[in-house]
Amino acid sequence: MGSSTYEWIVHNEKKVASQTGSAWPYSQPAWIFSNRKLPIIKGKDIKFVSGDVRQAHAEMRSAAGTKNIWIVGGGDLAGQFYDAGLLDELIIQVGSATLGKGKPLFPRRVLSPILRLVSVCQMGAGMVELRYKVNKGGVSCGS
Ligand SMILES: NC(=O)c1ccc[n+]([C@@H]2O[C@H](COP(=O)([O-])OP(=O)(O)OC[C@H]3O[C@@H](n4cnc5c(N)ncnc54)[C@H](OP(=O)(O)O)[C@@H]3O)[C@@H](O)[C@H]2O)c1
């Protein structure tokens, strides 16, 4: 995850703990991308990295074995993995609220049919989860 996402968790530890049972809700190893020195959450398997995502990805792949690697976000960090051809799937949860302004979800120009919708799952009354497969081959219309 990127540093903004990490810092949100650090700054809202009570809220996170009340909702998940732990101030750091992840049991799997985590890599935090930042060019700054960030507060450390003691006793957790958290590494701080910066720069080319391919280097960190090699470490993640080695740690994950055959398991999936989850790029939590934000969108530009996921975009860096996409740029490097390392993103297989986009899992997007849409909530029933609009903010009026904000950061783009995935600040990359990805044109149809590069993303292929593979599932739609309703979550409660107001949310939906969309799963898109990233077609790295870039198959064009009609082929
Ligand atoms: N709902 C969700 O599932 C979800 C998931 C993710 C994020 N979010 C939210 O969405 C918002 C997104 O924030 P954001 O787009 O700013 O995301 P972010 O990815 O969490 O943080 C961006 C920061 O990460 C660091 N970074 C990114 N790539 C790097 C690289 N290759 N090397 C070194 N550092 C790198 C940079 O910070 P430095 O200044 O530290 O160098 C950059 O400013 C946040 O409010 C977050 O809480 C929500």
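List of remarks:
- Charge-dipole axis of the chain as Lys and Arg at +1 and Asp and Glu at -1 on Cβ define it, positive-most pick from Ser119, Val49, Ala30: Val49
- Glu7 contributes an accessible area of around 40 Å² to the protein surface, as traced by a 1.4 Å probe with all chains present.
- Residues whose amide H lies under 5 Å from that of Phe33, counting only those 5 or more places away or on a different chain, are Gly2, Ser3, Val49; hydrogens are built 1.01 Å from N in the peptide plane.
- Within the full protein context, the accessible area of Ile40 is estimated at about 120 Å² for a probe radius of 1.4 Å.
- The accessible surface of the stretch 1-86, taken with every protein chain in place and a 1.4 Å probe, is 49 percent carbon and sulfur.
- Rounded to 5, the percent of DSSP beta bridges in the chain classed as antiparallel: 75 percent
- Whole-angstrom gap from the stretch 34-51 to the stretch 75-130, using each part's C-alpha centre: 25 Å
- Using only side-chain charges placed at the Cβ, +1 for Lys and Arg and -1 for Asp and Glu, the dipole size of the chain relative to its Cα centre rounds to 120 debye.
- Among the helices of the chain, those built from whole DSSP H runs whose Cα atoms reach 15 Å or more along their own axis and whose mean Kyte-Doolittle hydropathy is at least -1.0 are 53-64.
- Placing Phe33, Phe81 in order of accessible area, with the largest value first and a 1.4 Å probe, yields Phe33, Phe81.
- Contact order normalised by residue count of the chain, Cα under 8 Å, 6+ apart, percent: 18 percent
The values are calculated or read from the model by the stated rules, or taken from the named source; none is laboratory data. Quick caveat, the model's predicted, so the values are computed rather than measured. Glycine also receives a Cβ, built like all others from the backbone with ideal geometry; neighbour counts cover every protein chain displayed. When the accessible area is computed, the model is the full protein with side chains, heavy atoms only, and any ligands, DNA or RNA have been set aside. Shrake-Rupley method; radii C 1.70, N 1.55, O 1.52, S 1.80 Å.
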